[in-house]
Amino acid sequence: MKFTSNLEKSVVRKIDRRSFLKATGITATGVVLGLQWSCSPSKSTTPFSPNVYLTINPDGTVMIVAHRQEMGTGIRTGLPMIIADEMEADWKKVKLIQAIGDEKKYGNQNTDGSFSVRMFFEPMRKAGATARMMLEQAAANLWKVDVSECKANNHEVVHSSGKKIGFGELTDEAAKLTAPKEEAIVLKKKSAWKYIGKAMNLYDVPDIVKGTAVYGIDVVKPDMKYAVILRCPVAGGKVKSFSDTEAKKIEGVIKIFEMKASGFPAGLDVPQGGVVVVANSTWSAISARKALQVEWDNGINGSYDSVAYLNELKQKAKKKGDPRRSNGDVEMAGKSASSMFESTYVTQHLSHAPMESPNATALVIDGKCEIWAPVQHPQWVRDSVAGNLGMDAANVTVNVTLLGGAFGRKSKPDFAVEAAMVAKEMMGTPVKVMWTREDDLTMDFFHACSVQNIRVTMDKDKNVTGWTHRSAFPPIGGTSNTKEIQPSDGELGLGAIDFPFDIPNISVEAIESPARTRIGWLRSVSNIQHAFAIGSMMDEIASLRKVDPVKNLLELLGPDRNVPLNELIKDFQNYGEPIEKYPTNTARMRKVIELVAEKSGWGKDLPKGHGMGICAHRSFLTDVACVVHVSVDDAGKLTIHEAHYAVDCGQVVNRNSVIQQFEGGFVFALGGALKGHMSFKDGHSEQTNFDTYNVARMEDAPMLTQVHIVESDEVPTGVGEPPVPPVAPALANAIFAATGKRYREMPIRLS
């Protein structure tokens with residue numbers, strides 16, 4: 001897993017209206033600014049191709065092209081908020097236009113990895129400030145005064161004498177100006193911010209509430225047909241033979257044909273293949289699919305048994321693996337230890353299960369392909385469609401709709417590629433490929449199952465002297481490459497090798513774990529299994545030391561410092577960011593632990609059968625501590641009374657979004673902690689719908705969830721994924737506090 005979120009260069013310039021019209025398909029009549037960024041320094045010979053547009057129309061409307069995708073995270077609100085604040089725009093007069101997928105115009109559009117705000121915070125500020133300065137200069141020119149006498153305020157420019165002029169009235173004059181050079185851009189002081197850091201409602205909420213918001217599944221095109229695919233239930237399997245005699249009898253069926261299977265491993269952007277049914281309605285298509293008679297060749301994964309696989313990993317994890325972080329000498333620590341303790345933690349495969357299952361509509365005509373789909377990574381979709389259809393990427397247009405949930409599933413292009421391939425077969429006719437809930441759950445890129453073995457050594461004074469962590473799970477790379485049979489450094493950098501605690505002897509080792517089904521990233525990725533193991537072991541250490549769990553965490557964290565992970569780990573990725581700018585700072589971790597303990601009432605007297613558990617974990621550069629208060633009655637019924645988070649995500653942009661991400665993230669994490677898991681027998685998943693793959697229900701949710709945000713001037717970090725990792729370990733620790741019983745496997749089963 002490789003992170004490439006760092007920006008090295010951003011440029012703001014005025015561009016011509018014709019370029020704006022060509023790129024966006026809307027009429028621009030006022031001032032148009034382009035914002036360009038790249039992940040490597042730009043060359044002077046490279047033509048300027050802006051990737052975010054900001055337009056001010058004569059009626060005062062500010063139009064911002066949103067180049068990131070909205071799936072409930074609030075990013076389509078957060079990034080434009082930054083621009084609007086810096087330019088002193090009235091938020092009520094801001095309109096958003098969703099960008100198509102185009103790397104040349106919009107740069108990195110992959111809405112994944114919790115890096116949108118940290119990646120674009122400064123460039124967006126510069127874009128807004130540029131517009132503000134040009135409007136102030138335009139007013140100064142009209143009034144024939146020095147620009148220092150003019151100040152933008154709430155969609156107007158105000159002169160020191162008190163006279164005012166609206167933004168819309170300044171567009172003609174501003175359009176004559178050249179944008180200021182980057183070094184001349186003056187950003188607002190934090191004390192002057194109106195939107196950044198405040199609680200703002202999401203831009204798309206009114207349309208969602210009214211039912212006018214367009215998700216992928218809502219797309220309808222003239223004469224559109226519907227398609228479903230019967231895929232082999234085993235990853236890498238293919239059709240041996242099939243009969244469509246009965247299926248063709250279903251009214252409304254138009255065409256049935258075979259799509260070539262991809263084999264295994266095939267990658268993340270290639271369809272699995274199978275038998276395609278195209279019909280006039282989803283009912284006809286699904287009914288005909290049920291009537292198909294198919295004999296499958298299950299291929300190399302036909303014998304996959306996840307229970308046997310995990311048992312094998314448990315044995316492997318007891319033996320030395322491939323060291324990925326070694327400091328000190330754990331073997332010597334073991335020889336000189338007064339005591340040694342070892343635990344093994346197990347997690348199961350998980351499915352993304354977004355409420356809107358994968359779907360895509362495509363039209364192929366005249367050598368071009370147009371797609372309408374809820375995708376997180378439109379550029380990857382564009383390139384994958386072009387490659388699979390054998391056409392130039394310039395001839396593929398990807399229109400991004402709202403996403404009804406995603407969690408990483410809709411960053412993979414496979415379902416959009418399917419739609420394009422079916423549309424090519426149905427040349428000139430738009431086709432929507434639908435995934436049923438059964439398709440979604442059983443044909444997913446699953447979160448990896450895992451075994452985590454941790455061995456701890458202590459001296460006679462109960463000081464922890466050694467930490468050996470062996471991590472075994474099928475890597476995401478194994479879905480594309482048979483040689484990828486161990487967790488990658490990138491995956492281990494999500495909570496394992498970036499271990500921040502002050503233990504003198506540490507070894508983190510990767511265990512061989514070849515993939516036997518399709519593996520992909522799910523919200524917070526391998527932080528899930530690493531946090532569960534480490535957070536649980538920290539609580540076990542507290543019990544062995546007979547120390548309060550909060551005190552134990554703070555003691556093991558050691559002195560306030562920046563952990564030199566780049567010195568301890570070769571090629572440490574740090575989520576794609578320079579460690580100098582985004583260090584692992586234990587003072588920030590200490591702060592969230594202390595804050596969540598204070599706010600949750602840690603240490604208060606609790607009734608019998610009640611308990612509180614804590615976990616602190618850093619992921620996606622954000623420090624989070626979580627406390628869960630539970631009770632377990634005599635019948636074994638679990639009730640979650642309260643959940644508290646303390647969060648240090650640097651500078652907050654939209655306070656509402658941070659709170660909502662953590663409230664929703666807790667419930668999302670609860671599904672994997674208590675409910676859902678995917679198991680495999682004879683190569684195929686045993687869970688097929690929500691009756692067997694359980695997600696958290698309303699009765700499972702906490703009675704109270706509170707999110708406590710650390711006020712910070714540090715650079716922004718991520719909030720989409722960090723809510724998930726600490727939930728399961730905090731919950732398991734709380735159950736131990738309530739019952740005295742340890743649970744070392746997810747999902748936690750009390751019965």
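Read-outs: derived from the displayed coordinates by stated rules, not from any lab. As the structure is a prediction and not an experimental result, all values here were calculated from the model. Quick reminder, even Gly has a Cβ in these numbers, built from the backbone with ideal geometry, and neighbours come from all protein chains shown.
Which parts of the stretch 438-470 would a label at Met332 reach, counting a residue when its backbone N lies under 18 Å from a point 7 Å out along Cα-to-Cβ?
From the stretch 438-470, the list is 457-460, 464-468.
Got a sec? Which residues in the stretch 625-659 would a label at Glu594 touch, if it sits 7 Å along Cα→Cβ and we count backbone N under 20 Å?
Correct set: 625-627, 644-651.
With N residues in the stretch 45-150, what two-decimal value do you get for its Cα radius of gyration over 2.2 N^0.38 Å?
My calculation over the Cα atoms of the stretch 45-150 gives 1.17.
Could you give the length gained by full extension between Leu187 and Lys368, i.e. 0.36 nm per residue of separation minus their alpha carbon distance, to one decimal place? Mind showing how you got there, number by number?
Values: separation 181, 0.36 × 181 = 65.16 nm, distance 4.33 nm.
Gain on extension, Leu187 to Lys368, equals 60.8 nm.
Among the aspartates and glutamates, which have Cα under 19 Å from the Cα of Lys93 when same-chain residues fewer than 8 positions away are ignored?
Asp59, Asp85, Glu136, Glu156, Glu169, Asp172, Asp204, Asp207
Regarding the stretch 141-289, what is the average projected area of its C-alpha convex hull, in nm²?
So the mean shadow area of the Cα hull is 18.2 nm².
Can you list the aspartates and glutamates whose alpha carbon sits under 19 Å from that of Lys255, skipping same-chain ones fewer than 8 residues off?
List returned: Asp223, Asp244, Glu246, Glu418, Glu425.
Just the ratio, please: alpha-carbon radius of gyration of the stretch 659-751 over 2.2 N^0.38 Å, N its number of residues. Let's see the in-between values first.
Working: Rg = 15.8 Å, N = 93, 2.2 N^0.38 = 12.3 Å.
Normalised by 2.2 N^0.38 Å, the Cα Rg of the stretch 659-751 equals 1.28.
Calculate the spin-label point distance for Glu425 paired with Asn154, positioning each point 7 Å from the Cα along the beta-carbon direction, and give it in nanometres.
6.0 nm
Antiparallel as a % of all DSSP beta bridges within the chain, to the nearest 5?
Details: 94 of 124 bridges.
Restricted to the chain, the bridges split so that about 75 percent are antiparallel.
So what is log10(I(q)/I(0)) for the stretch 487-567 at q = 0.11, 0.13 1/Å, when the Debye sum runs over its Cα atoms only?
For the stretch 487-567 at q = 0.11, 0.13 Å⁻¹, log10 I(q)/I(0) is -0.37, -0.51.
Assuming R0 = 25 Å, what is the FRET efficiency of Thr639 and Met355, from their Cβ-Cβ distance, to the nearest 0.05?
In this case the efficiency is close to 0.45.
Given a Förster distance of 56 Å, report the FRET efficiency between Glu246 and Lys319 from their Cβ-Cβ distance, rounded to the nearest 0.05.
Taking R0 as 56 Å, the efficiency between Glu246 and Lys319 is 0.60.
About the Cα centre of the stretch 192-251, how large is the charge dipole given +1 on each Lys and Arg Cβ and -1 on each Asp and Glu Cβ? Please answer in debye to the nearest 20.
Dipole magnitude for the stretch 192-251 comes out near 240 debye.
Over all pairs of distinct alpha carbons, what does the Kirkwood formula give as the hydrodynamic radius of the chain, in Å? Kindly include the intermediate steps, with their values, before the conclusion.
On the way: mean 1/r = 0.0364 Å⁻¹.
This gives a value of 27.5 Å.
For Ser161 and Val145, calculate 0.36 nm times their separation in residues minus their Cα-Cα distance, and state this gained length in nm to one decimal.
Separation in residues times 0.36 nm, less the Cα-Cα distance, equals 4.7 nm.
If you take the Cα Rg of the stretch 505-639 and divide it by 2.2 N^0.38 Å, with N the number of residues, what do you get?
After normalising by residue count via 2.2 N^0.38 Å, the value is 1.23.
For Lys581 and Gln293, what does the FRET efficiency come to when R0 = 60 Å and r is the distance between their Cβ atoms, rounded to the nearest 0.05?
0.50
Using only the Cα atoms of the stretch 339-423, each taken as one equal point scatterer with no solvent, compute I(q) by the Debye sum, divide by I(0), and report log10 of the ratio at q = 0.20, 0.22, 0.26 Å⁻¹.
Taking Cα atoms of the stretch 339-423 as identical point scatterers yields -0.83, -0.95, -1.22.
Distance cut-off 30 Å, Cα to Cα: go down the list Lys238/Lys432; Lys483/Lys570; Lys581/Lys675; Lys581/Lys604; Lys249/Lys675; Lys210/Lys410 and report the pairs above it.
The pairs that break the limit, which is 30 Å between Cα atoms, are Lys581/Lys675; Lys581/Lys604; Lys249/Lys675.
Using 0.36 nm per residue of separation minus the Cα-Cα distance, give me the extension gain between Ala199 and Leu704 in nm, one decimal.
Contour length minus the Cα-Cα distance gives 179.8 nm.
Over the stretch 458-591, what is the mean sequence separation of C-alpha contacts under 8 Å (at least six apart), divided by residue count, expressed as relative contact order in percent?
Rounded, it is 24 percent for the stretch 458-591.
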